[in-house]
Amino acid sequence: MIRHDEDVITEHFARSASVLQTGATDSAFLATIGRIVDAVEQALRAEHKLMLAGNGGSAADAQHIAAEFISRFKFDRNPLPAIALTTDTSILTAIGNDYGYDQVFSRQLCGIGREGDVFLALSTSGRSPNILTALRAARDMSITTIGFTGAQENPMRDLCDICLDAPTDETALIQQVHIVAAHAICGLIETRLFKECAASSLAR
């Protein structure tokens, strides 16, 4: 029996809403987001930076999140230092060609990362070799490591100081949880660091 397009769409939205509701009512999940907010806020207050990386859709998410910090999220304020390590094709292809694709993020971390920075790694599987290599490099440099992944067991968790596990093993839904969580993180950090700007925005 052929399913109508609307049924497929409705089912997808229902699964998405269910997963987001699971996260919204999970105290451990929410506490992890709070720990991430605290870690990133502390680094930014100390004039360190946030670096992000992922592959495929997670690369796009890394760029999206970096843009929220550099540009703005909810209101006008000074830019915050965030860099997506997924954007420079010359760097990515040079490292991939000369050192191997596994090194495309770790090589950049070694070049621009400093002790006290934060590295946010996104991997729905938690098994991407270049992400795991980058997390090891970040730890060696005393860079705080934060992971965004899914519910399945994976080696990424052991390499992260803080790891947010989306409560699903479906790739598309993991990514949806990641970006919703990232928006919550951006919003909280922006409000904490720019209280006067936040108050002014609310007053309008």
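The table for this structure:
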| read-out | value |
| --- | --- |
| Within region 170-204, tally of residues that are of a type outside the set (A, V, I, L, M) and under 27 Å from residue 137 (Cβ atoms) | 4 |
| Filtered residues of region 110-167 (kept if over 15 Å from the mean Cα position of the chain (by Cα) and closer than 18 Å to residue 56 by Cα) | 127, 129, 130, 133 |
| Members of region 39-94 found to be on the phi > 0 side of the Ramachandran plot and exposed (fewer than 14 other Cβ atoms within 10 Å of the Cβ), listed by number | 47 |
| Failed item, numbered, when residue 139 is tested on (1) more than 21 Å from residue 26 (Cβ to Cβ); (2) crowded, with 17+ Cβ neighbours inside 10 Å | (2) |
| Test: residue 29 is at pLDDT 95 or above, assigned to a helix (DSSP H, G or I), under 14 Å from the mean Cα position of the chain (by Cα) and among the aromatic types (Phe, Trp, Tyr) | no |
| Pairs where the first residue, in region 95-115, is over 16 Å from residue 49 (Cα atoms) and in contact (Cβ under 8 Å) with a residue 12 or more places away in the chain and the second is among the charged types (D, E, K, R) and surrounded by 15 or more Cβ atoms within 10 Å (Cβ to Cβ), C-beta under 6 Å, 6+ apart | 95/107 |
| Residue satisfying all of: in region 155-204; small (Gly, Ala, Ser) and crowded, with 19+ Cβ neighbours inside 10 Å; nearest to residue 14 (Cα to Cα) among these | 166 |
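The values are calculated or read from the model by the stated rules, or taken from the named source; none is laboratory data. These numbers were taken from a predicted model, which means no experiment stands behind them. Note: ideal-geometry Cβ built from the backbone for every residue, glycine included; neighbour counts use all protein chains shown.
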